Amino acid sequence: MTVKILADSACDLSSEDFQQFDIEMLPLTVQLDGEDYEDGISISSKKVYDAMREGKAPKTAQVSPQVFKDAFEKHAKAGNQVLYLAFSSELSGTYQGAKLMEQEVKEAYPDFELHVLDTKCASLGYGLVVLRAAELAQSGASMEEILEVSKHHYEHMEHIFTVDDLEYLYRGGRVSKTAAFVGTLLKVKPLLHMEDGKLIPLEKVRGSKKVFKRMIEVMEERGKDLDNQLVAISHGDALDTAEHIASMIREKWNVKDIKINMVGSAIGAHSGPGTIALFFLNDSPK
């Protein structure tokens with residue numbers, strides 16, 4: 001019995017990742033200049049960031065329920081077992097849409113084994129959870145084992161990130177106008193993290209160099225068994241900065257590997273160019 005892993009485009013994995021690990025990707029929608037695009041398919045992150053630098057404000061929409069229905073029904077007919085790992089329900093209605101379709105499809109196919117899980121993660125923090133599940137599925141692990149390991153990973157995934165300009169988060173309704181204005185005025189770099197699927201400000205740091213140094217310190221404070229981990233960095237069209245952070249990590253720990261990907265259009269439309277995010281586990285990996 002094949003276990004199929006499904007994820008949405010907010011996991012910020014590359015098309016190579018999806019192919020290599022046989023992960024089925026369901027795209028969120030990005031709206032730009034009056035057009036609708038499929039995130040990761042018909043629009044590139046670079047195009048979204050360039051538009052934002054020009055002052056445009058792209059919007060995003062969740063994966064449509066019909067897309068879930070079609071995907072679930074296809075696998076139900078094929079006799080596959082399916083695990084759909086979802087983008088945090090606190091940041092998108094995608095998970096709720098999947099749950100509705102799960103109910104509908106299970107009524108039509110009562111023997112279909114389908115699990116829809118809210119990872120409470122985003123970007124490559126979510127991507128790392130998906131990759132681990134897909135690795136297990138490829139190695140022939142049972143659904144029960146994949147569920148257990150996935151849960152361990154998403155419950156212990158740290159998201160430590162900073163944005164280049166608070167204005168983008170303000171536009172996306174993520175921070176207040178005052179916080180955005182004061183931060184920009186003082187050249188304050190916000191350090192944020194995720195708590196139960198929500199974006200929460202952690203502290204304010206003056207200047208970029210200090211904020212990156214602080215990110216590594218937080219990793220040291222919270223990370224566990226880092227030498228045995230695949231850690232990840234996602235960036236808003238700021239590859240040089242991401243590589244600089246990667247070298248800072250390698251100076252301190254002998255991590256298994258560091259995955260660097262660009263923040264995709266769906267999340268990048270809210271966080272903006274220059275975003276840097278760091279992902280690791282606060283418990284030993286399984």
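List of remarks:
- Between Ser284 and Asp196, full extension at 0.36 nm per residue minus the direct alpha carbon distance yields a gain of 29.7 nm.
- Percent breakdown of C-alpha pair distances by 10 Å bin, ordered from the shortest bin, for the range 1-50: 24, 48, 22, 5, 1
- For the range 210-269: relative contact order, % (alpha-carbon pairs under 8 angstrom, 6 or more apart): 42
- Integer Hz, Karplus 6.51/-1.76/1.60 couplings in order for the range 153-168, x for Gly and Pro: 5, 6, 6, 10, 8, 8, 10, 10, 8, 9, 10, 6, 9, 5, 4, 5
- Taking all pairs of distinct alpha-carbon atoms in the chain, Kirkwood radius in angstrom: 19.2
- Grouping the Cα pair distances of the range 36-98 into 10 Å bins from zero gives a pair-distance distribution of 18, 37, 31, 11, 3 percent in increasing distance order.
- Each of Asp111 and Glu16 was given a label point 7 Å from its Cα along the Cα-to-Cβ line. The distance between the two points is 4.1 nm.
- Per atom type, the range 13-107 shows carbon and sulfur on 45% of its accessible surface, probed at 1.4 Å.
- Of all DSSP-defined beta bridges confined to the chain, some 55% are antiparallel rather than parallel.
- Other-chain or far-sequence residues with amide H under 5 Å of Asp8's (modelled H): Leu26, Phe87
- Per-residue ellipticity at 222 nm, computed for the chain from helices alone with -39500 (n - 2.57) per DSSP H run of at least four residues, works out to -13000 deg cm²/dmol.
- Compared with the direct C-alpha span, the chain from Glu221 to Gln138 gains 26.5 nm at full extension, assuming 0.36 nm per residue.
- Lys, Arg +1 and Asp, Glu -1 on Cβ, resulting dipole of the chain about Cα centre, debye, nearest 20: 1140
- Computed extension length for Gln66-Asn80: 3.1 nm, one decimal, from 0.36 nm per residue of separation with the Cα-Cα distance subtracted.
- FRET efficiency estimate (nearest 0.05) - Cβ-Cβ, Glu90 to Ser44, R0 30 angstrom: 0.70
- Heavy-atom accessible surface of the range 91-157, averaged per residue, reaches 42 Å², computed with a 1.4 Å probe.
- Rough spin-label spacing in nm, given labels placed 7 Å along Cα→Cβ, for Glu54 and Ile260: 2.8
- Candidate lysines for bridging to Lys56, where Cα separation is under 19 Å - those fewer than 8 sequence places away on the same chain excluded: Lys46, Lys47, Lys177
- For the options Gln81, Gln31, Gln66, a Gaussian network treatment of the chain with springs between C-alpha atoms closer than 10 Å singles out Gln66 as fluctuating the most.
- Computed from backbone phi, the HN-Hα couplings of the range 126-135 come to 5, x, 5, 5, 5, 4, 5, 4, 5, 4 Hz, rounded to whole numbers (Karplus: 6.51 cos²θ - 1.76 cosθ + 1.60, θ = phi - 60°; Gly and Pro given as x).
- Distance cut-off 16 Å, percentage of C-alpha pairs in the range 58-160 lying past it: 58
- Between Gly274 and Gly236, Asp237, Ala238, the built amide H atoms are under 5 Å apart, and every one of these is 5 or more places off in sequence or on another chain.
- Computed from backbone phi with θ = phi - 60° and the Karplus coefficients 6.51, -1.76 and 1.60, the 3J(HN,Hα) list for the range 5-17 is 9, 10, 8, 9, 5, 6, 7, 6, 7, 8, 4, 5, 4 Hz; x is used for glycine and proline.
The values are calculated or read from the model by the stated rules, or taken from the named source; none is laboratory data. Just so it is clear, the structure is predicted and the values come from calculations on it, not from any experiment. Glycine also receives a Cβ, built like all others from the backbone with ideal geometry; neighbour counts cover every protein chain displayed. Only protein heavy atoms, including side chains, enter the accessible area calculation; ligands, DNA and RNA are left aside. Shrake-Rupley method; radii C 1.70, N 1.55, O 1.52, S 1.80 Å.
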